[in-house]
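Colleague: Just passing along the structure, written as structure tokens.
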Amino acid sequence: MSQFQLSRAAALPFIGPVAVGVILLVLWQVLCTINEVPIYLFPKPTDIWSSFTTNLSGLTRASSVTLQVTLQAFLVAVVTGTAIAFLFNQSRIIEACLFPYAIILQVTPIVAISPLIIILIKDTGTALTVCAALVALFPIISNTTLGLRSVDPGLVNLFRANKASRMQTLLRLRIPSALPYFFAGLRISSGLALIGAVVAEFVAGTGGMGSGLAYEILQAGFQLNIPLMFAALGLITVIGIALFLAMSGLSNLAIGSWHESHAEGRR
Amino acid sequence: MQTMPQTVAATTIVGKEIPVKRVPVIEVKAAEKTFPNGFRALEPVDLTLKPGEFLTLIGPSGCGKSTLLGMMTNLLPASKGKLSWWGGGFEQTGTPGKTLSIVFQDATLMPWATIETNARLPLDLAGVPRPQAQERVQAALAKVGLAGFGGQLPRQLSGGMRMRVSIARALATEPDLLLMDEPFGALDEFTRNKLDADLLELWRERDLSIVFVTHSIYEAVFLSTRVVVMAARPGRISSIIDIDVPGPRDEEFRGSPRFAALCAELSRALHLASEESGNVSGGTKP
Ligand SMILES: Nc1ncnc2c1ncn2[C@@H]1O[C@H](COP(=O)(O)OP(=O)(O)OP(=O)(O)O)[C@@H](O)[C@H]1O
Ligand SMILES: [Mg+2]
């Protein structure tokens, strides 16, 4: 009995959203059918599904292209961002001098600079990765920098009193303290990498080289194939959710047992 | 006498050994503190901690107890004056016979590390081999009544248990000097009394000197061999009271007339100190 309640509580975060989704889909289907909305204006979920199954091979190929760009960009952003955060942590002066440029990077719209990057970098795949990585970089830098700084001052004193070296303090204190911030950064950044990849593809796609999901959406738009457009859009969403869940899972695995933001039984 | 322990300063005259005079554990020489914002937290203080002493600092809030203790832990530099540890600078602490441990007001544990890892931290930082460190940590945890809790995480323990972990961490290094800032201040009276008794037991077992900050008159009288009463605004030493009790400090002592008399004496001294203390606005208005 109690075990059943426990599993129900654990399942709520999944069952709830899924139930809402199903209700919305049914509502969508019913409203479109009743009002006889034309398929080229607003397709029904069943239309989208049949478009998805007929175009399965093309969509799968496009998904894998977008996913590949996204993951590469995400990886580049994580490695570079973490390295920059560690550099900032080494000295306040470095941080003070360079952080404004990280902000400039963040506030410059990727749509505005991606044409430039695509012209500068011959290989389209690399250009797309660079664009997406630029978008995904900032949350990693800012969160990890903040995390490396957000150390319990009492523990800093304890380490100092025990004559800990800089390296010992970094490995045993700063990095563990920074992990929750780092993982929060990962969650945001993974989504941004996807957005960056799609936006860059839109810009590059008109050049005829692209073959990712954004290119599919563009093509479907030209052909007024609205169900295909929705199907590609749905796939982007699915990739985004999968990335977010993967990052949450990773975060739970690494710090789930100790950090307050994860602990169920807070004191 | 080549194998003389380092803490002992021996004077040898040919053929005859004069009884050894041990160097003070800490000497505070006219140390004062003015914070960068200009706040004068501590007037020049002179204080000597003799080996084996249990010294307690007591006084109204803001009188500079933590400031003085901070200087003794070398975490807070003195603005003027000097401190020495075992007759030398701070850099030579941590060597055998000259190790010190600090216990803060809150447990200050790493939330991601197990109790065992937390208690082992000073040994790990000092590079003590793992098996040996592990053995010492187990012994220290057992001493504070936490044997078998080594694998737990800090948030799985109660506040009193966490505090005991931080004491075990301090003890695992087998220190010669313990510096404690209101270590049991946040605990209930029952737990505090228990931990006080345990602390006394540890102090008696070993050649250990302790500096202990507290707000409690009873705790000060129960624990210490000497009580330093401080006054505030500006922070300074108001008086020093010797707690000269030959017998054991136990529950019987807590109920004895001698205990009551000492508490009354300390209470008067504290009252005097708070009257000496300037008021917050910094002077009387006309
Ligand atoms: N970093 C600082 N900068 C400026 N003033 C400070 C600083 N730290 C402490 N003070 C001041 O110095 C005075 C002494 O502080 P301290 O913490 O030593 O008091 P305390 O005796 O430990 O008090 P309590 O019993 O409340 O812990 C206080 O008035 C406090 O406001
Ligand atoms: Mg204090």
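The values are calculated or read from the model by the stated rules, or taken from the named source; none is laboratory data. This is a predicted model, so every value here is computed, not measured. All Cβ positions, glycine included, derive from the backbone under ideal geometry; neighbour counts span all protein chains shown. Note: areas computed on protein heavy atoms with side chains; ligands, DNA, RNA excluded. Shrake-Rupley method; radii C 1.70, N 1.55, O 1.52, S 1.80 Å.
Colleague: So in the stretch B:225-237, with the set limited to residues that are in a strand (DSSP E or B) and either more than 14 Å from B:HIS271 (Cα to Cα) or open to solvent by less than 30 Å² (accessible area, probe 1.4 Å) (or both), which one is farthest from ligand 1 (Cβ to nearest atom)?
Modeller: B:ARG226
Colleague: Among the residues of the stretch B:79-106, how many are of a type in the set (Val, Ile, Thr), away from ligand 2 (no atom under 16 Å from the Cβ) and open to solvent by less than 20 Å² (accessible area, probe 1.4 Å)?
Modeller: Residues that pass the stated criteria total 1.
Colleague: A further question on this structure: So which of B:PRO24, B:PRO36 is farther than 27 Å from B:ASP207 by Cα, more than 16 Å from ligand 2 (Cβ to nearest atom) and either away from chain A (no Cβ under 14 Å) or touching a residue at least 60 places away in the same chain (Cβ under 8 Å) (or both)?
Modeller: Exactly one of B:PRO24, B:PRO36 is farther than 27 Å from B:ASP207 by Cα, more than 16 Å from ligand 2 (Cβ to nearest atom) and either away from chain A (no Cβ under 14 Å) or touching a residue at least 60 places away in the same chain (Cβ under 8 Å) (or both), namely B:PRO36.
Colleague: Keeping to the stretch B:64-103, report how many residues are within 16 Å of ligand 1 (Cβ to nearest atom), touching a Ser or Thr at 6+ places or on another chain (Cβ under 7 Å) and in a loop (DSSP other than H, G, I, E, B).
Modeller: Number satisfying all stated conditions: 2.
Colleague: Then there's this: When you check B:GLU135 against the structure, is it part of a helix (DSSP H, G or I), open to solvent by 40 Å² or more (accessible area, probe 1.4 Å), more than 16 Å from ligand 1 (Cβ to nearest atom) and outside the structural domain of B:LEU42 (by TED's automatic domain parsing), yes or no?
Modeller: yes
Colleague: Check off (1) open to solvent by 20 Å² or more (accessible area, probe 1.4 Å); (2) under 20 Å from A:SER211 (Cβ atoms) for A:ALA127 and give me the number that stays unchecked.
Modeller: Here A:ALA127 meets the rest and fails (1).
Colleague: Do you know which of the residues in the stretch B:172-186 that are open to solvent by 20 Å² or more (accessible area, probe 1.4 Å) and away from ligand 2 (no atom under 16 Å from the Cβ) is nearest to B:PRO24 (Cα to Cα)?
Modeller: B:ASP176
Colleague: Right, another one. Can you find even one residue in the stretch B:174-195 that is charged (D, E, K, R) and touching an Asp or Glu at 6+ places or on another chain (Cβ under 9 Å)?
Modeller: yes
Colleague: Within the stretch A:98-116, track down each residue that is open to solvent by less than 80 Å² (accessible area, probe 1.4 Å), in a helix (DSSP H, G or I) and free of Cβ contacts under 8 Å to residues at least 60 places away in the same chain.
Modeller: Selection gives A:LEU98, A:PHE99, A:PRO100, A:ALA102, A:ILE103, A:LEU105, A:ALA112, A:ILE113.
Colleague: Of all residues in the stretch B:204-224, which are over 16 Å from B:LEU266 (Cβ atoms) and either open to solvent by less than 10 Å² (accessible area, probe 1.4 Å) or at pLDDT 90 or above (or both)?
Modeller: Those that are over 16 Å from B:LEU266 (Cβ atoms) and either open to solvent by less than 10 Å² (accessible area, probe 1.4 Å) or at pLDDT 90 or above (or both): B:LEU208, B:SER209, B:ILE210, B:VAL211.
Colleague: So B:ILE240 fits all but one of (1) part of a helix (DSSP H, G or I); (2) of a type in the set (A, V, I, L, M); (3) surrounded by fewer than 20 Cβ atoms within 10 Å (Cβ to Cβ); what number is the exception?
Modeller: Checking B:ILE240 against (1) part of a helix (DSSP H, G or I); (2) of a type in the set (A, V, I, L, M); (3) surrounded by fewer than 20 Cβ atoms within 10 Å (Cβ to Cβ), the one that fails is (1).
Colleague: Being exposed (fewer than 14 other Cβ atoms within 10 Å of the Cβ), among the aliphatic types (A, V, I, L, M) and at pLDDT below 90 is the filter here, so list the residues in the stretch A:38-63 that pass it.
Modeller: A:LEU41
Colleague: With B:LEU109, B:LEU146 as the choices, which residue is crowded, with 20+ Cβ neighbours inside 10 Å and within 21 Å of B:VAL213 (Cα to Cα)?
Modeller: Within the list B:LEU109, B:LEU146, the selection yields B:LEU109.
Colleague: Something else: Can you tell me which residues in the stretch B:99-134 are β-branched (Val, Ile, Thr) and within 9 Å of another protein chain (Cβ to nearest Cβ)?
Modeller: Answer for the stretch B:99-134, where residues must be β-branched (Val, Ile, Thr) and within 9 Å of another protein chain (Cβ to nearest Cβ): B:ILE102, B:THR108.
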